[in-house]
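I have placed the structure first, in the form of structure tokens, so that the comments after it can refer back to it.
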Amino acid sequence: MRKSIVMGFLSALIFLGWCSQFAVAKELTGKERAVLQKLASESGGNLQIKWNEETNTPSYLSGQLSQPSKHSPEWIAYEFLDHVKSLYGMKNPNRTMKILKINRDENGSQVHMQHLVFNTPVWGDELVVTIDQAGIIRSVNGRFSPNLEDRLFNRPMKAAFSPQVAIEKARSSFDTKGTAAKEPTVEPYYLPTRNGTPLIYVVTLRFQEPEMGNWKIFVHSLTGKVIEKYKDES
């Protein structure tokens, strides 16, 4: 009995020392420590973590993060997130994360997942789950902003004007008289990096003039103000 207590104490010390080497931006709860300890154990000491200090969630996990599986990549990704949801502050991964696409090659697959709040995407919040041919998750990287529902007082925001009006406001923010080469695109998003997590319209304008190129314009859905715009080099 005494030996098992000593070994447990030593294991705890080793784990605490292991945690200290990562830039954890918050005090971990007991559940979060248990999840990390399990991941570290199953990875055989090869677990790597990078922590996002802005969101207080992992931006990168690497190692043998799961056991081999013959299930689909979608199932494997959702099952894993359900096991580690306390690390990310997720309540229900099946409702919170939407699969955007799955890339498959000879090495396995990559599941790209978009964070949703009230069925609306969150700008910049995506996770990529990399799975090898044996169905083992090898890495999870990306950004996830937790507790956005609470920040929005558990009520979805509603836009004060239509997407077409947002396009016109985006166009009027440019001095150029150039016209868009194609029909502009516009999508609603929540913006977690701004106070209040506002609902915005993200408008993409593609200009005919080569020197203008393509632009992303963020239009506040309540005030109509252009709060950010940048040239899209992608």
Charge dipole (debye, nearest 20) of the chain; +1 at Cβ of Lys and Arg, -1 at Cβ of Asp and Glu: 580 debye
What are the residues whose amide H is under 5 Å from the amide H of Thr185, where those residues sit 5 or more places off or on another chain and H is modelled from the backbone? Thr204
Read-out semi-axes √(5λ) of the Cα gyration tensor in Å, derived from the coordinates shown; its label in [x] 41, 20, 15; [y] 33, 25, 14; [z] 34, 22, 16: [x]
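Tell me the trypsin sites (Lys or Arg not before Pro) within region 139-168 that lie in a loop according to DSSP and have at most 16 other beta-carbon atoms within 10 Å.
Lys158
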Positive-end residue of Leu222, Asn107, Asn94, charge dipole of region 76-234 with Cβ unit charges: Leu222
Could you check the spin-label model distance between Asn147 and Glu183? Points 7 Å from the Cα along Cα→Cβ, value in nm. 4.2 nm
Under a point spin-label approximation (7 Å from Cα along Cα-to-Cβ), what is the Phe118-Ser86 distance to one decimal in nm? 3.0 nm
Gain in length, Arg33 to Glu54, computed as 0.36 nm per residue apart minus the alpha-carbon separation, to one decimal in nm? 5.6 nm
Exposed GluC sites (Glu not before Pro) absent - longest run of the chain, DSSP non-H/G/I/E/B, at most 13 other C-beta within 10 Å: 107-210
Looking at the chain, do any whole DSSP H helices span at least 24 angstrom along their long axis by alpha carbon and average 0.0 or above on Kyte-Doolittle, and which? 2-20
Loop sites in region 121-170: chymotrypsin sites (Phe, Trp or Tyr not before Pro), DSSP, at most 12 other Cβ within 10 Å: Phe153
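How long is the gain from Ser41 to Asn154 if the chain were fully straight, where each residue apart is worth 0.36 nm and the alpha carbon distance is subtracted?
Value of the extension gain: 37.0 nm.
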So the carbon and sulfur contribution to the accessible area of the chain, 1.4 Å probe, in percent, is 51 percent
Between Ser59 and residues 5 or more places away or on another chain, the pairs with built amide H atoms under 5 Å apart involve Lys50, Trp51, Asn52
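The values are calculated or read from the model by the stated rules, or taken from the named source; none is laboratory data. Everything numeric here is computed off the predicted structure, so don't read it as measured data. Please note: Cβ atoms are built from the backbone with ideal geometry, for glycine as well, and neighbour counts cover all protein chains shown. All accessible areas refer to the heavy atoms of the entire protein, side chains included, with ligands and DNA or RNA removed. Shrake-Rupley method; radii C 1.70, N 1.55, O 1.52, S 1.80 Å.
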